[in-house]
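Since the structure comes first, as structure tokens, the remarks are kept for the end.
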Amino acid sequence: SQQGEEDPQALSIQEGENATMNCSYKTSINNLQWYRQNSGRGLVHLILIRSNEREKHSGRLRVTLDTSKKSSSLLITASRAADTASYFCATNNNDMRFGAGTRLTVKP
Amino acid sequence: DTAVSQTPKYLVTQMGNDKSIKCEQNLGHDTMYWYKQDSKKFLKIMFSYNNKELIINETVPNRFSPKSPDKAHLNLHINSLELGDSAVYFCASSQDEVAGAWAQYFGPGTRLLVL
């Protein structure tokens, strides 16, 4: 069964705007990872946040983790057309489980 | 430099056939995985191998068998292909045997269509 569930399923914004995607999960985790998948390509790892961390940054990406609410968010600031992709969260307990992804479209 | 490569990229075949998908990683990672991504984009882990030992095996039909000749390769063999096997199959690798403790590096995917 799927573990992480991303929300929304699809998001469309204008270039320059911020994009926020959320991930909820059901069981306790060791860490949570975010991946990006461009159309027709494999997944690319973005950020790993451990269960004892609350926030992590990487360039224009900001990830938060709230283990009490079993949720995480991915914020992409100053979005670009090249950010158009599907974004997946993956949670780790004993194995990796991916959600169905959020499809982000950034319009130029 | 290709970190994780898969062949073939596309595979179109008839029901009942047997096919293999090859995967190689040049990252020196200890663990390799196979995932299936269906038409709804759900990504499901099928297998992972660490030092030639199967450490995860989800509820995958035994028509699917992973074969690892060495640490850098994990091939996926599928017997008696069925229509429902049509999907994109991704190979991935990670540094450590603890699934999810390290980032996974994915191959470009193999698009399988069973007619």
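The values are calculated or read from the model by the stated rules, or taken from the named source; none is laboratory data. Keep in mind that this is a model prediction, so the values were computed, not measured. Heads up, the Cβs are rebuilt from the backbone with ideal geometry, glycines too, and the neighbour counts pull from every protein chain shown. SASA here: full protein model, heavy atoms, side chains in, ligands and nucleic acids out. Shrake-Rupley method; radii C 1.70, N 1.55, O 1.52, S 1.80 Å.
In the set (1) within 11 Å of another protein chain (Cβ to nearest Cβ); (2) touching a helix residue (DSSP H, G or I) at 6+ places or on another chain (Cβ under 9 Å), B:T110 fails one condition alone, (2). Against the list (1) under 13 Å from the mean Cα position of the chain (by Cα); (2) without any contact (Cβ under 8 Å) to a residue 40 or more places away in the chain; (3) loosely packed, with under 15 Cβ neighbours inside 10 Å, the condition B:P8 fails is (2).
Restricting to the stretch A:19-42, count the residues that are farther than 11 Å from B:A103 by Cα and open to solvent by less than 40 Å² (accessible area, probe 1.4 Å). Reasoning before the result, please.
Of all residues in the stretch A:19-42, those farther than 11 Å from B:A103 by Cα come to A:19-30, A:36-42.
Checking the rest, the ones that are also open to solvent by less than 40 Å² (accessible area, probe 1.4 Å) come to A:19, A:21, A:23, A:25, A:29, A:37, A:42.
Qualifying residue count for the region: 7.
Just wondering, is there one or more residues in the stretch A:75-89 that are assigned to a strand (DSSP E or B), touching an Asp or Glu at 6+ places or on another chain (Cβ under 8 Å) and over 24 Å from B:Y89 (Cβ atoms)? Yes, the stretch A:75-89 contains at least one residue that is assigned to a strand (DSSP E or B), touching an Asp or Glu at 6+ places or on another chain (Cβ under 8 Å) and over 24 Å from B:Y89 (Cβ atoms).
Could you run through the stretch A:1-42 and say how many residues are at pLDDT below 90 and part of a strand (DSSP E or B)? Final tally of qualifying residues: 4.
In the stretch A:29-51, the residues that are more than 12 Å from A:S86 (Cβ to Cβ) and within 8 Å of chain B (Cβ to nearest Cβ) reach residues that are part of a strand (DSSP E or B) and open to solvent by 40 Å² or more (accessible area, probe 1.4 Å) with C-beta atoms within less than 6 angstrom, at least six apart or across chains, in these pairs: A:N31/A:R50. Collect the residues in the stretch B:1-41 that are more than 17 Å from B:R63 (Cβ to Cβ), of a type in the set (G, A, S) and out of contact with any Asp or Glu (no Cβ under 7 Å at 6 or more places or on another chain), keeping them in residue-number order. Scanning the stretch B:1-41 gives B:A3, B:G28, B:S39. Just so you know, in the stretch A:52-74 the residues that are touching a residue at least 24 places away in the same chain (Cβ under 8 Å) and not in a loop (DSSP other than H, G, I, E, B) include one that is farthest from A:T91 (Cα to Cα), and it is A:L61. Scanning the stretch B:11-25 for residues that are more than 16 Å from B:G107 (Cα to Cα) and open to solvent by 90 Å² or more (accessible area, probe 1.4 Å) yields B:V12, B:Q14, B:M15. Per this entry, B:I45 is not counted among residues that are open to solvent by less than 20 Å² (accessible area, probe 1.4 Å), more than 10 Å from every other protein chain (Cβ to nearest Cβ), β-branched (V, I, T) and not in a loop (DSSP other than H, G, I, E, B). Exactly one residue among A:S72, A:S68 is among the hydroxyl-bearing types (S, T, Y), open to solvent by less than 30 Å² (accessible area, probe 1.4 Å) and more than 11 Å from chain B (Cβ to nearest Cβ), and that residue is A:S72.
Sub-8 Å Cβ pairs linking a first residue in the stretch B:57-70 that is among the aliphatic types (A, V, I, L, M) to a second residue that is surrounded by 15 or more Cβ atoms within 10 Å (Cβ to Cβ) and in a strand (DSSP E or B), at least 6 apart or interchain, are B:V60/B:M46; B:V60/B:F47, ordered by first then second residue.
Please work out which residue is least open to solvent (accessible area, probe 1.4 Å), limiting yourself to the stretch B:55-70 and to residues that are part of a strand (DSSP E or B) and modelled with pLDDT under 80.
The qualifying residue least open to solvent (accessible area, probe 1.4 Å) is B:I56.
Taken as a whole, the condition of being β-branched (V, I, T) and assigned to a strand (DSSP E or B) applies to A:I49.
Screening A:I13 against (1) within 14 Å of another protein chain (Cβ to nearest Cβ); (2) open to solvent by less than 20 Å² (accessible area, probe 1.4 Å); (3) over 23 Å from B:F106 (Cα atoms) leaves a single unmet condition, (1).
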